[in-house]
Amino acid sequence: MGDSILSGTDARATRDQLLRDGYCVIPGVLHGDALSRAQAFIDDFLDTHPIPHRFRFQGSDFPIINERLVNPYLSGERPLLEERRPFYTRMTDELLDNPVQKQVCDAMGLENMTHDNAALILSKPAHGPALYWHQDGMVWNHPKSGLPWPTKIFLSYYMVDTTPHNGCLRVIPGTHLHRIDLHDELPDAHEEELQDESTDESHAAFRDHPDAIDLAVKAGDLVIADSRVLHAAHPNRSDARRSLLLQWWNVFPYPSMPTWWEGERPPELDMEVEDALPSQRAPSEFLKD
């Protein structure tokens with residue numbers, strides 16, 4: 001793909017897929033020297049930072065931050081568990097400010113994007129277990145969780161080519177907008193039930209699903225997904241780790257509509273919203289049948 005952006009037709013089709021299926025893949029966004037630096041950084045980092053056992057299914061969960069977050073963390077304004085202590089690196093801004101990534105997002109019409117000055121290192125070690133089915137929506141008590149467009153997305157880059165053999169991503173298309181039986185069987189994502197010492201792959205969250213598809217991608221391909229879509233990962237059956245760098249972005253801030261939206265105005269935009277709603281991970285009535 002080089003330094004070019006998606007064409008108008010391809011950008012629209014890619015955006016349509018994100019809205020319809022809850023995910024899309026854009027090949028070769030992180031490439032050349034930028035990809036090589038990211039690969040070297042994550043290899044060096046993981047060589048010196050063992051993965052806490054409680055994150056064995058996620059593979060790892062290391063936050064990396066930019067300089068804007070250093071003082072809040074050092075002052076205790078943003079405390080974290082010791083095993084999720086944030087690490088400052090210039091690589092964070094390289095990822096967040098990547099110009100090709102910005103061009104792609106602009107071409108797709110992903111408007112008013114903001115981030116939290118952080119990214120995540122996620123790595124499944126050699127022969128690491130599967131990642132359980134989950135969705136990362138955290139505001140299911142807010143009407144924005146029922147909108148036909150996302151308000152929170154993740155952007156991720158795998159550092160190696162992925163296949164079902166080494167733990168590629170899996171998704172169930174459309175589950176960001178429509179409820180399936182699996183939603184009612186899953187505990188809240190990343191909470192104790194899924195990280196307990198006794199949890200194993202006999203848990204319902206590891207069950208195969210007939211609508212699941214595998215997203216085998218090349219190193220440096222950009223995966224964009226709606227936070228609400230159900231996703232998981234195969235176990236890594238290879239002898240090498242499978243790592244990625246992931247960013248969370250806010251997009252289309254509520255109650256605005258995308259400037260390109262041609263459908264009817266969703267009723268969720270006109271609902272009353274309480275101030276300072278607590279987070280809610282369990283899907284509510286906003287997830288339609």
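Being closer than 25 Å to residue 136 by Cα and small (Gly, Ala, Ser) is true for just one of 40, 34, 13. Which residue is that?
Exactly one residue qualifies, and that residue is 13.
When residue 145 is tested against (1) assigned to a loop (DSSP other than H, G, I, E, B); (2) in contact with a Gly (Cβ under 9 Å, 6 or more places away or on another chain); (3) under 18 Å from residue 258 (Cβ atoms), exactly one condition is not met: (1). Against the numbered list (1) modelled with pLDDT of 95 or more; (2) in a loop (DSSP other than H, G, I, E, B), residue 249 comes up short only at (2).
Scanning the range 251-289 for residues that are over 22 Å from residue 230 (Cα atoms) and charged (D, E, K, R) turns up 262, 264, 265, 270, 272, 274, 275. Picking from residues in the range 13-42 that are of a type in the set (D, E, K, R) and in contact (Cβ under 8 Å) with a residue 24 or more places away in the chain, the one that is most open to solvent (accessible area, probe 1.4 Å) is 20.
The set of residues from the range 170-197 being under 18 Å from residue 20 (Cα atoms) and either of a type in the set (S, T, N, Q) or under 17 Å from the mean Cα position of the chain (by Cα) (or both) comprises 170, 171, 172, 173, 174, 175, 176, 177. Listed residues 20, 54, 12; which is of a type outside the set (Asp, Glu), modelled with pLDDT under 95 and over 16 Å from the mean Cα position of the chain (by Cα)? Just one listed residue meets the conditions, 54. Among the residues of the range 257-287, the one identified as polar (S, T, N, Q) and not in a loop (DSSP other than H, G, I, E, B) is 280. If the condition is being open to solvent by less than 40 Å² (accessible area, probe 1.4 Å) and over 28 Å from residue 106 (Cα atoms), then the range 135-179 contributes 166, 167. Does residue 289 count as touching a residue at least 12 places away in the same chain (Cβ under 8 Å) and open to solvent by 60 Å² or more (accessible area, probe 1.4 Å)? Yes. Of all the residues in the range 198-230, those that are within 18 Å of residue 179 (Cα to Cα) and either part of a loop (DSSP other than H, G, I, E, B) or within 15 Å of the chain's Cα centre (by Cα) (or both) number 12. Restricting attention to the range 3-12, the residues that are assigned to a helix (DSSP H, G or I) and surrounded by fewer than 16 Cβ atoms within 10 Å (Cβ to Cβ) add up to 4. For the range 81-124, residues that are open to solvent by less than 20 Å² (accessible area, probe 1.4 Å), over 25 Å from residue 11 (Cα atoms), outside any strand (DSSP E or B) and of a type in the set (S, T, N, Q) total 1.
The set of residues in the range 198-221 that are surrounded by fewer than 16 Cβ atoms within 10 Å (Cβ to Cβ) and more than 25 Å from residue 138 (Cβ to Cβ) comprises 198, 200, 201, 202, 208, 210, 214, 218.
The values are calculated or read from the model by the stated rules, or taken from the named source; none is laboratory data. As the structure is a computational prediction, the values presented were derived from the model and not from experiment. We place every Cβ from the backbone using ideal geometry, glycine too, and count neighbours over all the protein chains shown. Protein only, heavy atoms only, side chains kept; ligands, DNA and RNA dropped before computing areas. Shrake-Rupley method; radii C 1.70, N 1.55, O 1.52, S 1.80 Å.
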